[in-house]
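Worksheet: one structure, shown below.
What follows is calculated from the coordinates using simple rules that are stated; it is not laboratory data. Treat the numbers as computed from the prediction; the structure is a model and nothing was measured. Heads up, the Cβs are rebuilt from the backbone with ideal geometry, glycines too, and the neighbour counts pull from every protein chain shown.
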Ligand SMILES: Cc1cc2nc3c(=O)[nH]c(=O)nc-3n(C[C@H](O)[C@H](O)[C@H](O)COP(=O)(O)OP(=O)(O)OC[C@H]3O[C@@H](n4cnc5c(N)ncnc54)[C@H](O)[C@@H]3O)c2cc1C
């Protein structure tokens, strides 16, 4: 078997990169180890308009559960403030449907898809990646390709096989667990976030409304001996509601891996660390890098140059588009990591009656007087 491009992984990163490679007339194979695209769900399903714009589709009721107008944030002592961005719409996706929709679009553009097939190794000749070794129902096969795109998520073995350094410190991975719950009394169109060392150390707890009292209730934590399950159950014991689905997963919040290309290889999405380190949101960033990888694959093959000298343009383009956001969020996350519960409460009290988008420097300096230890955060914000 021989393809122009083999894409490893069949969710957001895999479907979007294969879609754009196929749209550019390449022969593309996407390989997914699960038997069904998008399953199991490992996501709280929140995204913004950028995701749809990147793919070139409209938000549709088929894969959007609810529209989001803002967020309610709760500090450790329960002080609450609301954020309502002026120019940005948010959405809670039905990701199982959305991921499958993207795979269908990719297949319609010409992508071949193999399910229940695991890529076990790379074919490497003279330092160039030339395809993959895959296993399907006990049968091992070699599939040649001019370019391999690694869209294999946080576990990304492919980048490691290619010799790229994708190891992360354990404290740079958010350990997440989530229930989809029925009978949750939550205001539609507003996401809720809860912070504090006793609620969600090193992360936050979320309630994202789907529709009709269904919500994603989950938590991501770091740097703690207790499990995410422990903290989530402590929280939901006062919440009521019944779980209908349990999701578990890790989110890389350390920023991108150092190098995202090699001879004949590009790495996209979670595998590349294309996740916002502050929020843990990776859907819109994965979409961006995946589209760029699909387009660069086409340029590379048309130029008959699959060397890393050519493919480094992939890294330049995603850095131009999303690198600044990832770096800035990483900076914020590191500052927030150092804020204790009292400081968070002081910040929440300050924001309680304000529109966060129109706070003057003078007002921020007023907060600094009250809580000098917030200096680094305020400096990062203004
Ligand atoms: C609990 C949780 C909540 C989250 N909530 C949000 C949120 O609300 N908003 C947001 O924007 N982001 C969220 N994220 C992050 C978001 O889900 C990811 O950034 C996004 O799914 C990344 O897509 P991907 O295609 O790069 O990787 P993945 O979605 O991880 O897909 C990788 C695919 O590759 C397949 N695969 C892996 N290895 C192989 C192999 N060797 N052979 C074949 N197939 C393979 C896997 O089976 C999988 O289907 C959340 C993550 C978690 C864990």
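Alpha carbon centre of segment 40-68 versus segment 103-127: separation in Å? So the two Cα centres are separated by 24 Å. Each principal axis of the Cα atoms in segment 171-252 has its own extent, and those three values, largest first, are 36, 22, 21 angstrom. Which number comes out as Rg/Rh for segment 222-279 once both Rg and the Kirkwood Rh are worked out on C-alpha atoms? Result for segment 222-279 is an Rg/Rh of 1.16. The order of the peptides 307-314, 204-211 by mean Cβ neighbours within 10 Å, most packed first, is 204-211, 307-314. All C-alpha to C-alpha distances of the chain, sorted into 20 Å bins beginning at zero, yield P(r) values of 28, 55, 17, 0 percent in whole numbers. Note on the chain: GNM, Cα springs under 10 Å; of 32, 304, 67, the largest mean-square fluctuation is that of 304. Sorted ascending by nearby beta carbons within 10 Å, beginning with the fewest, 65, 43 become 65, 43.
Ranked by how many other Cβ atoms sit within 10 Å of their own Cβ, fewest first, the residues 318, 364, 357 fall in the order 357, 364, 318.
Counting neighbouring beta carbons within 10 Å and listing from fewest to most, the residues 20, 375, 81 come out as 375, 81, 20. For segment 171-252, relative contact order (Cα pairs under 8 Å, six or more residues apart, normalised by length) works out to 44 percent. The label-point distance for residue 185 and residue 139, in a model that sets each label 7 Å from Cα toward Cβ, rounds to 5.7 nm. Per residue of the chain, the DSSP helices (runs of n ≥ 4 H) give a summed -39500 (n - 2.57) that works out to -9500 deg cm²/dmol at 222 nm. Decide, for segment 335-381, between rounded, prolate and oblate: order the square roots of the alpha carbon gyration tensor eigenvalues as a ≥ b ≥ c, take rounded if a/c falls under 1.5, and otherwise choose prolate if a/b is larger than b/c, else oblate. Prolate is the answer for segment 335-381, as a/c is 1.5 or above and a/b outweighs b/c. Taken along the Cα-to-beta-carbon direction at a fixed 7 Å, the label points for residue 198 and residue 112 span 5.9 nm. What the pair-distance distribution of segment 239-382 shows, using all Cα-Cα distances binned every 5 Å from zero, is 2, 9, 15, 14, 12, 11, 12, 10, 7, 5, 3, 1, 0 percent.
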